[in-house]
C-alpha cells in the first residue's frame with residue numbers, strides 16, 4: 001500500500017539563516033494512521049509541515065503525499081491534503097456558516113452542495129448554534145473546530161495539523177482531540193505536530209521526535225509507538241505511598257525483596273519507588289506482602305515512564321514544555 | 001452512500017476535470033470578490049473611513065488652503081483642485097489594498113488558499129475586483145461632494161466618463177502595487193510606512209500646485225510622476241483649468257494617463273502572481 005506521507009533526506013535552510021532548519025528529515029506514514037511530530041520550538045516541525053503541504057520548497061530530498069511528489073506534482077498534492085496551521089485560518093468577519101460555504105465553493109462544490117456540506121459539518125463539529133455568529137466572537141476552541149471543519153470539507157486523504165491546540169484551554173483541547181479522532185475514524189491520515197507530550201500520547205499511533213542536536217539541524221532522533229519510545233528508558237516502575245511515615249523502612253524492605261533492586265525512598269511524600277521487571281507478578285507480590293506485614297498503603301501503582309522522561313533521556317533536555 | 005452527518009470518508013481527488021481550469025479560476029475569483037464585499041457589509045465603518053478621509057481633504061483644501069492658491073494663467077483654484085484630490089484618493093487605495101493583503105497573510109488565510117487546489121490568480125483577481133468596487137463607491141461619493149462645494153465639470157458627458165475611467169484605471173494599476181507590497185512585507189509596521197509615504201509621493205506631483213512653481217529638478221520629477229498625468233488629463237476632460245507646461249509629458253497628459261497605469265500593471269501584476277506562488281519559499 002502506498003504510504004500516505006513519505007519524506008527522504010529533506011534539507012532546508014532559510015535564506016539569510018546560518019543553521020539548517022531541517023537536516024536529513026525522514027518520515028513514512030502508513031494510510032489511516034495518526035503520526036505525531038514531537039519536538040521543542042525551533043526543531044523544524046513547522047518547516048516540515050510547510051514543505052509537505054507545498055507551501056515551502058525543500059533545498060534537497062524528496063517528499064510524497066499519496067504517491068505524488070510535493071515538488072513536481074504540487075497541484076495533485078493539493079487535492080489530497082487539508083491544512084490546519086498554527087493560526088485558525090478562518091475569516092474573522094464572516095459567520096461560521098458563510099466561512100464553510102465560501103471554502104466549499106473554493107473547493108468547487110456547487111452552491112447547493114456547499115450549503116448542505118456546511119450544515120453537515122456545523123452539526124458534526126457542534127457549531128450549529130453559533131452558525132450565524134461572526135467568527136471574531138468565537139472562543140478559541142470553537143474557532144479551531146471551525147478550522148478543522150473547513151479542512152474536512154472534502155475529507156482529505158491526509159490532514160496536516162500544526163500545533164492544533166496551542167493556546168487552548170483544557171476544554172478546548174479535548175474538543176479538538178475528539179474532532180481529530182472522528183476524522184481518523186473516517187479513514188483520514190493525520191500528521192500532527194505538537195510540543196505537548198500528552199497530546200502525542202493521546203492521539204498518535206507513532207511518534208517522530210524531532211530535535212536540533214549540537215551542530216546538526218532538525219532531524220528525527222527517535223521514532224516509534226509511544227510504548228516503544230517508553231521502553232527505551234527502561235521498563236515499568238512501581239510506586240508505593242504509605243499512610244504512616246513509621247512504615248517506610250518496612251515498605252522499602254518489601255519493595256527491595258519484590259523488585260530485587262534498591263528503592264528510592266522519599267520521606268516527605270512517604271513514597272517508595274523502584275524499577276520492576278514483571279509488572280503483574282510484582283503487583284501481586286506487593287499486595288500480598290503489604291497485607292502480610294500490615295502496612296497501611298495509601299497508593300500502589302505500576303506505571304510506565306512518562307513521555308517527559310523519554311524526551312529527557314533522548315535529548316538531555318528537560319521536559320519539552322520547559323525547553324520551549 | 002454516506003450518512004448525512006458523516007464527517008466524510010476520504011474523498012479527496014473528487015474534484016473537477018483539468019479542462020475547466022479557466023472557468024474555475026473565474027468562479028474562485030468571484031467567490032473571493034463576494035467574500036471581500038461581504039466584509040464591507042459587516043464593517044461599514046471601514047468604508048465610511050475610506051470615503052470620509054478624502055472628503056475631509058476636499059473640505060480642508062477648498063476652505064482652509066484654497067483661498068491663497070492661484071492658477072497660473074487665471075482660473076478658479078477649486079476647479080483645478082478637485083481632479084487633483086480625486087487622483088490623490090486613488091493613490092490612498094494602494095495602502096488600503098496592502099492592509100487587506102497583509103491581514104490575510106498574517107492570519108494564515110493566504111497559506112490555506114495556497115495549500116488548496118485553486119488557481120493562484122483567483123486570490124489576487126478577487127482582491128482586485130473587490131477593491132475596484134470599493135474605489136468606485138468612494139469616487140462616486142467624492143464626485144458628489146465636489147459638486148456640493150462648487151466644482152463644475154464642463155467637458156460633456158463622454159469626456160466625464162472618460163475622466164472617471166482614467167481615475168479608475170490609475171486605481172487599478174496602484175492596487176497591483178499594493179498587492180505586491182502586501183505579499184512582500186511581514187509586519188503591519190511596513191503598512192504604516194507606506195501610508196506615510198503616500199503623502200510626499202502625492203505632493204511631489206502636479207496634484208495641488210503647478211510643477212513650474214517648484215525648483216527645477218523637483219518640478220521635472222513632479223511632471224513625470226504618474227499621478228500628474230492622470231490629474232492633468234482629468235482636468236482637461238472635466239473642462240477644468242490646469243497648469244499647462246512646456247515639457248513633452250505635460251503636453252500629452254491623456255496619453256500618459258493611459259500609458260503609465262498600463263506600465264505599472266505590466267510590471268506589478270506578474271510580480272504579484274510570482275510572489276504569491278513563491279511566498280516564503
(request) With 10 Å bins from zero, work out the P(r) of chain B over every alpha carbon pair and list the percent per bin. (result) 6, 26, 31, 20, 10, 4, 2, 1, 0
(message) How shielded is B:112-122 by partner chains, expressed as the average number of their Cβ atoms within 10 Å of its Cβ atoms?
(response) 6
(request) With a point put 7 Å past each Cα toward its Cβ, work out how far residue A:243 is from residue B:216 in nm, to one decimal. (result) 10.5 nm
(message) Using a 7 Å offset from the Cα along the Cα-to-Cβ direction at both residue B:262 and residue B:190, what is the distance between the two label points in nm, to one decimal?
(response) 3.1 nm
(request) Please grab the % of Cα pairs in the range A:169-288 that end up more than 20 Å from each other. (result) 62 percent
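Using the count of nearby Cβ atoms within 10 Å as a rough guide to exposure, how do B:260, B:224 rank from fewest to most? Write down the numbers at each step before the final one.
On the way: B:260 22, B:224 17.
Starting with the residue having the fewest Cβ neighbours, the order is B:224, B:260.
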(request) Quick one: among A:291, A:78, A:62, which has the greatest mean-square fluctuation in a GNM of chain A with alpha-carbon springs under 10 angstrom? (result) A:291
(message) Let's test the formula: R0 of 41 Å, r as the Cβ-Cβ distance of residue B:136 and residue A:303. What FRET efficiency results, to the nearest 0.05?
(response) 0.05
(message) I'd like the FRET efficiency for residue B:56 and residue B:154, computed as 1/(1 + (r/R0)^6) with the beta carbon distance as r and R0 of 30 Å, rounded to 0.05.
(response) 0.70
(request) Can you quote the Å³ per residue value for the convex hull of the Cα atoms in the range A:110-172, rounded to an integer? (result) 101 Å³
(request) Using a Gaussian network model of chain B whose springs link C-alpha atoms within less than 10 Å, name the residue from B:41, B:171, B:152 with the highest mean-square fluctuation. (result) B:41
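Let me check against my output: what whole-number percent is the relative contact order of the range B:42-278, with C-alpha pairs under 8 Å and at least 6 apart?
Working: 278 pairs, mean separation 68.7, N = 237.
The value is 29 percent.
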(request) Between the alpha-carbon centers of the range B:156-225 and the range A:137-209, tell me the distance in whole angstrom. (result) 47 Å
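If contacts are Cα pairs under 8 angstrom and at least 6 residues apart, what is the relative contact order of the range A:236-303 in percent? Can you show the working numbers first?
Details: 113 pairs, mean separation 33.5, N = 68.
About 49 percent, as a whole number.
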(request) Only Cα pairs under 8 Å and at least 6 apart count here; give the relative contact order of chain A as a rounded whole percent. (result) 19 percent
(message) Using only the alpha-carbon atoms, what does the protein assembly as shown span along each of its principal axes? Please give whole angstrom values in decreasing order.
(response) 116, 54, 47
(request) Bin width 5 Å, alpha-carbon pairs only: give the P(r) of the range A:236-303 as whole percents, running from 0 to the bin holding the largest distance. (result) 3, 20, 37, 26, 12, 1
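Using only DSSP helix segments of four residues or longer, with each worth -39500 (n - 2.57), what per-residue ellipticity at 222 nm results for the protein assembly as shown after dividing by its residue count and rounding to 500?
Numbers: 23 runs with 319 residues, N = 605.
Mean residue ellipticity, 222 nm, calculated: -17000 deg cm²/dmol.
How many Cβ atoms of partner chains, on average, are near each residue of A:105-111 if near means within 10 Å of its Cβ?
On the way: counts 7, 14, 7, 12, 2, 0, 1.
Mean shielding count: 6.
Taking 4 °C and 1.567 mPa s as the conditions, I'd like the Stokes-Einstein D for the range A:111-238 in µm²/s, using the Kirkwood hydrodynamic radius from alpha carbon pairs.
Values: Rh = 16.7 Å.
Estimated diffusion coefficient is 78 µm²/s.
Based on the inverse mean of 1/r over its pairs of different Cα atoms, what is the Kirkwood hydrodynamic radius of chain A, in Å? Can you show the working numbers first?
Working: mean 1/r = 0.0452 Å⁻¹.
Computed over chain A, the radius equals 22.1 Å.
Give me a single rounded figure for A:84-92: the average over its residues of other chain Cβ atoms within 10 Å of their Cβ.
On the way: counts 2, 6, 2, 6, 4, 9, 4, 8, 5.
Per-residue shielding by partner chains comes out at 5.
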(message) Ranking request for peptides A:264-273, B:29-38, B:239-248: highest mean number of other beta-carbon atoms within 10 Å first, then the rest in descending order.
(response) B:29-38, B:239-248, A:264-273
(message) Using Cα springs under 10 Å in a Gaussian network model of chain A, which residue among A:11, A:171, A:105 shows the largest mean-square fluctuation?
(response) A:171
(request) Using only Cα atoms, find the angle between the long axis of helix B:77-106 and the longest principal axis of chain B, and express it within 0 to 90 degrees, rounded to the nearest 10. (result) 20 degrees
(message) Tell me the angle of helix B:44-60 to the major Cα principal axis of chain B, expressed in degrees between 0 and 90 and rounded to the nearest ten.
(response) 10 degrees
(request) Mind pulling the angle between the C-alpha long axis of helix A:140-151 and the longest principal axis of chain A? Nearest 10 degrees, somewhere in 0 to 90. (result) 60 degrees
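Express in nm, to one decimal, how much length is gained between residue A:232 and residue A:185 on full extension, taking 0.36 nm for each residue of separation and deducting their alpha carbon distance.
Values: separation 47, 0.36 × 47 = 16.92 nm, distance 2.97 nm.
My answer for the length gained is 13.9 nm.
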(message) I want to check the label-to-label distance for residue B:203 and residue A:128. Put each point 7 Å from Cα in the C-beta direction and report it in nm to one decimal.
(response) 6.1 nm
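Laboratory data are not the source of any read-out in this text; all were calculated from the coordinates shown. As the structure is a prediction and not an experimental result, all values here were calculated from the model. In this analysis, Cβ positions are derived from the backbone assuming ideal geometry, glycine residues included, and neighbour counts consider all displayed protein chains.
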